[in-house]
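Contents: one structure, followed by commentary.
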Amino acid sequence: MTASSAAPAEPLLSLRDVRVTFRTADGLITPVDGVSFDIARGETLALVGESGCGKSLTALTILRLIDAPGRIAPGSRILFDGRDVMTLGDRDLRAIRGRQAAMIFQEPMTALNPVYSAGAQIAEVVRTHTGASRSEAWNKAVAMLGAVGIPSPEIRAKQYPHQLSGGMRQRVMIAMALVMNPSLLIADEPTTALDVTIQAQLLDLLRDAQQARGASMLLITHDLGVVAESAQRVAVMYAGQIVEEAPVVALFAAPQHPYTQGLMAAMPRAGTRRERLTTIPGTVPPPGAWPAACRFADRCTFAWSRCTTEAPPLHQLGDGRTSRCHLVEEPARRSAAQGARAMA
Amino acid sequence: MRALIQRLWQGLVVVAIVATAAFVLVRLAPGDPFAAALDNARLTPAMREQWRIAYGLDGSIATQYARWIGALVHGDLGWSVSMSQPVTRAIAQALPYSLLLMGIALLLSFTLGMLLGALQAARHDRATDRGIGVVTLIGGSMPDFWLALVLLLGGAYWLRLFPVGGASDPLLPLAATGATVLLDRLRHLALPVLTLVILITSPVARYQRAALLDRLRAEWVRTATAKGVSSGAVFRRHAWRTALGPVVTLGGLALPALVGGAVFVERVFAWPGMGRLAASAIAARDYHLVVGCVIAGAVLVVIGSTVADLLVMRLDPRAADDEANDRQHA
Amino acid sequence: MTRPHATAGDWATIVHRLRADRRTLLAIGTLLGMIVLVLVGPLLAAYQPYEQLDITNLVHARPSARHLLGTDAFSRDVLSRVLSGGRISLVVAMSAVFLEALVGVAWGLAAGLAGGWTDTVMMRGVDAGLSVPRVLLLLAILAAVPMVPVWALVVILGLTGWFGIARLVRNEIRSIRRADFVLAAQSLGASPLRVALSHLLPQVSGPVLVAATLAVGQVIVLEAGLSFLGIGVQPPQASWGNIIGDGTEFIASAPWVSLAPGCCLVVVVIAVSALGDGLRDALAPRQLPRT
């Protein structure tokens, strides 16, 4: 799966140097600090990281859903289907939202309007983007509910969000996102709030729906298990920046960035006989308190003097891989540190 | 339907408590309508006693209470000494005036208040928002009787646009046309209604603004925007519509204040409603009438808040289901 | 589950937030100024509040340099009366609200902790209290016992106004009773009373403080209304309400008598409302967007 060898078609989505700033009582913070990635047509990119790394905000920038006191910094470029989202007028932007690119949010209980029925909220998307009549839109909504695997959709469509289970609410959200056949799905932790069994069902549903329509997907998650199931490529975020990007198999086989390695090691795996879970020492710093130079340095087992004085650039490693780490230039230090650990 | 019955039952209990409390309070009062009013040497104690029996004021408090409850169940609130008619009739005459005044004031205030609050939320933190905010702050901070006085001074004495008091002009010729009568009534209504409107619109506007600003931050608003819905429709369907419930609830909760506030306004403008009736009943130590007024006030409030609750249940489907949940878990 | 409101450790943050909010500072300043004025003013005033200066010539004199707010029907200096009346009005309002808060917190705490039948019964009583228009209730009571001394007025006002706070406290207690930190304290062997006092009370103190602040505004207007009707503070003791009442008859010829104390009331209520809002904002937990 070498994405860079063939002459690439225009990516569906292309983020370049996207920055989000927030004005707080303590000054200006930049929770998303220079993020760039592409998503090709029909491809699923997983954006992975712990809470506070900026992945959800990054997802919101695509449809320009960042509200005051935050804003997308002027230098950011977001190209969707060849057009720069940042320069679009209100009407053009609204034409894309929900129709060509649709979002699925994490908490369906709060992401759905409590006073309208499930069917009405799906029908709203239809009526916003087409001239469909009330009944036409309603029928479409019911059909969509059936398509996402909800039994007795005619009855469920009339029910309100609080009358549905968590899994069903999320299916409603997925139905809302799919009903206009978008070419890009942006799923922000779609299964985090649900049981593991439902998680698997919904991920399958998403994948099937996506493949059937030839759509692309940006999947935001903190769960590496989900990544392994659903994505073709992965980008790992830490403290507002992308620290590693790779095709999924390559990432799991040989993670390059120490943070990714830490995440992998921390994953509980069946079949191992370890007694204690490994953790990454320290905690994720909040956006106002990011260290200068390499932001992972104070938690990194390989760090040396250069890491605290010089910020590492995002190195291209070939084969569609990148890593934001000085170890790329000084690989000897990697084995030295590993050797030291082995002897300890 | 079950919710309605439950509400009414609760309301009944509340009215019963209020009635009992009022009864006890008034009975414990020193003073006696037959001591002062009939302070005539020719009236012997025996005759006073006869009057007392006739008006049901003899016997122990317990007996009086039992007798009174019996009458109450039949809709008989007793006899008003000061007005020489059944209490129910006195109240029935005054009630429509109060309902008219409060009804119009409520309707106007809520409409205006919701519009202003919505406007403020839509223009959050801009000049319009701040300007209206200042006006509602001042309007809601004025004492009701004082505002009534100020408006009376301005409207009736200085501008001479409105009459000084009452509900209608007693000197209007009997043959006056419908239009003249209507105009006269409106002129008399204007100042009292204006007073109440200023007083009620202010908290409604502030509450609506707060509720809307809160709803505008809701996650479902972001979802709607992400669906491509226009900002106007998002505001209407997803913010304003979900903020209606709390505002209506506020209306229900504000009823006691409204009924109370009307007392002062009616007094200043000599409006012949329940408030004025209650005030004069108290001055005359007319027990039955006082108790009758308090009960009537409580009943009004209970009916009003029941209506408000039912409205909320229609506006917010979660509330309707909460009722069912409460009953299950109670 | 985290604590819903600020606790003792967060008071520093709250004070900091209050200091940063200009409107709240203005409100506090105004209130303090008013309090100082009514405490010190009567001592410095040129005239006594009940002194009838010159019944032949100085009745309803217009405001002038000698009488900044003019004189009333009995040739008393209105400014002196307003200052002295302010003392009474403010003291009555604050004391009554203190009593309201005391009774309300106690009742709400008891009901919230007891639960079950006791809770239901206690809350029905609260509902009944909230259903009666407070003015009617006060009118009824004050008709039964007219001409009350000021301390009795305070008690009556306080005892008719605690229902809202009781319900507020009881609802708060109900929702945090099951909170983790309460269960933790209980599992460590703390007695119910101790749990109540050191863990639950601080939680409700915030909302109660906001409610009490706003209540001061309500009560001061209520007392003024009752005095206006003649059943509140009794003459010759001045209160803003009865000064307004005295001036009602002459509203057209000598409006300054009624207008001045009314303006004072408006200022106090505005300041108190702004302070209550500021407190509410300072106490609300701040939320950053999810990243």
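Throughout, read-outs are computed from the coordinates displayed, never taken from laboratory work. Keep in mind the model is a prediction, meaning the values are calculated, not measured. Here the Cβ positions follow ideal geometry from the backbone for every residue, glycine too, while neighbour counts run over all protein chains shown.
A few remarks follow.
- When both bridge partners sit in the protein assembly as shown, DSSP labels roughly 65% of those beta bridges antiparallel.
- Cross-link reach list, lysines versus A:Lys158, counting only Cα pairs under 17 Å and skipping chain neighbours closer than eight places: A:Lys140
- With each label modelled as a point 7 angstrom along the Cα→C-beta vector, the A:Ser305-A:Thr197 pair spans 5.9 nm.
- Dimensionless Rg over Rh [the protein assembly as shown; C-alpha; Kirkwood]: 1.06
- When the Cα convex hull of segment B:154-259 is projected onto planes of every orientation, the mean area is 10.4 nm².
- Percent of Cα pairs exceeding the 37 Å cut-off, where the set is chain B: 34 percent
- Shielding by other protein chains, B:143-155, mean Cβ within 10 Å: 6
- Contact order, relative form, for segment A:107-179: 44 percent (alpha carbon pairs under 8 Å, 6 or more residues apart, mean separation divided by residue count).
- Chain C: calculated mean residue ellipticity at 222 nm from DSSP helix runs of at least 4, using -39500 (n - 2.57): -23000 deg cm²/dmol
- Structural descriptor for chain B: relative contact order 27 percent, calculated from alpha carbon pairs under 8 angstrom and at least 6 residues apart.
- Relative contact order of segment C:54-173: 31 percent, from C-alpha pairs under 8 Å at least 6 residues apart in sequence.
- Using bins of 20 Å that start at zero, the share of Cα-Cα pairs per bin across chain A amounts to 28, 56, 15, 1, in whole %.
- Our analysis of chain C gives Rg over Rh at 1.07, with the two radii drawn from alpha carbon positions and Rh computed by the Kirkwood formula.
- This ranking places C:Trp162, B:Trp79, C:Trp117 by how few other beta-carbon atoms lie within 10 Å of each, fewest first, which gives C:Trp117, B:Trp79, C:Trp162.
- Top of B:Val181, B:Val302, B:Val81 by mean-square fluctuation, Gaussian network on chain B, Cα under 10 Å: B:Val181
- For segment A:84-178, the set of trypsin sites (Lys or Arg not before Pro) satisfying both a DSSP loop assignment and a count of at most 14 other C-beta atoms within 10 Å is given as A:Lys158.
- Among C:Val148, C:Val257, C:Val169, residue whose mean-square fluctuation peaks in a GNM of chain C (springs only between Cα atoms under 10 Å): C:Val148
- Efficiency of FRET between B:Ile138 and B:Leu99 - r from beta-carbon atoms, R0 30 angstrom, step 0.05: 0.55
- Of C:Phe74, C:Phe163, C:Phe228, the one that fluctuates the most in a GNM where chain C has Cα springs shorter than 10 Å: C:Phe74
- Relative exposure of A:Val196, B:Val263, C:Val269, judged by other C-beta atoms within 10 Å (fewest first): A:Val196, C:Val269, B:Val263
- Alpha-carbon Debye profile of segment A:107-179, log10 I(q)/I(0) at 0.17, 0.23 Å⁻¹: -0.51, -0.94
- The ellipsoid that matches the Cα gyration tensor of segment A:1-154 has semi-axes, each √(5λ) in whole angstrom, of 31, 21, 16, with the longest given first.
- Computed per residue of chain A from DSSP H runs no shorter than four, each worth -39500 (n - 2.57), the mean residue ellipticity at 222 nm is -10000 deg cm²/dmol.
- Shielding score for B:14-22, defined as the mean number of other chain Cβ atoms within 10 Å: 4
- Shown here is the pair-distance distribution of segment C:189-265: with all Cα-Cα distances grouped in 10 Å bins from zero up to the longest one, the shares run 18, 31, 18, 14, 12, 6, 1, 0 percent.
- On the beta carbon distance between B:Trp158 and B:Tyr65, with R0 = 56 Å, the FRET formula returns roughly 0.60.
- Modelled this way, with points 7 Å down the Cα-to-C-beta line, the labels at C:Leu68 and A:Ser51 are 5.7 nm from one another.
- Trypsin sites (Lys or Arg not before Pro), loop per DSSP, at most 16 other Cβ atoms within 10 Å - longest free stretch of chain C: C:67-177
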